[in-house]
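Input: a single structure, listed below in structure tokens.
Throughout, read-outs are computed from the coordinates displayed, never taken from laboratory work. Note that this is a predicted model, so its numbers are computed, not measured. For neighbour counting, all protein chains shown are included, and Cβ atoms are generated from backbone atoms with ideal geometry for every residue, glycine included.
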Amino acid sequence: MRRFAGVMVLFAYGSFAAGHAQEKPAEKPPATLTSPTSGPRLEFLDEVSYYEQRFLRLADAIPAEKYTWRPAEGVRSIGEVYMHVVGANYGFAKMIGTPAPAGIDMKAMMASAGDKAKVLQALKDSFAHFRNAVLAIKDSELEKEIKTPRGQTTIRGAFFLISGHRSLTHGKLASFHRGPKKDKDRKQKSRSSNQRPATGDPTNRKEGHPTELSEPAGRHARRP
């Protein structure tokens, strides 16, 4: 699953980057787009809104100074993973038929991944663009075949692939969110351990919880 997620994002991001370099980006979709009242697009848009809210809430909950935190050298930081989501949104939108709007520069966005305010705004803008891409699809086009990392599938089939990617990426970010907190707790625990009295010290005692030195002699001795 992790390998598939990586391939999925590389495809979407590559598709976005190639299209952005070779053709004039599309302008903002017309304001006449209306939400469907039933069918696959309505169901998928509910899924999009669900993950948009979860990504934004998690991104907002992370302290600004933690956006540059990364679990290991050579691994994306928290902010970079969020910008990765932004790139995927534009890439997936192009995959289903809507090129990125003018002025989108993913290299510049990735360079600003440590700025919480810019990351949050980029997430909002990319989800709005992706939502408009779904709204621009006609119900009669849902069975149209398109190219995806798994080969040819329909636009409706691509909805499932995109939802799967979002689920995996959100799970990764949730674990990253716990990462900085674990580091902080680990450091606090380490400091507490260094300040703790030695084992058996009579001062290391709470009422009702005597130390080993205060226990009755022979408690663990074998009975004759």
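In the structure displayed, which of K107/K144; K66/K124; K124/K147; K107/K172; K66/K172; K94/K144 lie more than 24 Å apart, Cα to Cα? In this structure, K107/K144; K124/K147 exceed 24 Å between Cα atoms.
The convex hull built on the alpha-carbon positions of segment 69-131 has an orientation-averaged projected area of 4.4 nm².
Going from the residue with the fewest nearby Cβ atoms within 10 Å to the one with the most, Y90, Y82, Y50, Y67 rank Y50, Y67, Y82, Y90. With θ taken as phi - 60° and the Karplus curve 6.51 cos²θ - 1.76 cosθ + 1.60 applied, the whole-hertz 3J(HN,Hα) list for segment 135-145 is 5, 6, 7, 8, 4, 6, 9, 4, 8, 5, 7 Hz, x standing for glycine and proline.
Annotation: amide H-H contacts under 5 Å for T148 (H modelled 1.01 Å from N, sequence separation of 5 or more, or interchain): T153.
Using a 10 Å cut-off around each Cβ, can you sort E141, E80 from fewest to most neighbouring Cβ atoms?
Values: E141 15, E80 18.
Ranked by crowding around the Cβ, least crowded first: E141, E80.
Based on the Cβ-Cβ distance from A108 to T68, what FRET efficiency comes out when R0 is 22 Å, to the nearest 0.05? Walk me through the intermediate numbers first.
Working: r = 17 Å, r/R0 = 0.77.
Using R0 = 22 Å, I get an efficiency of 0.85.
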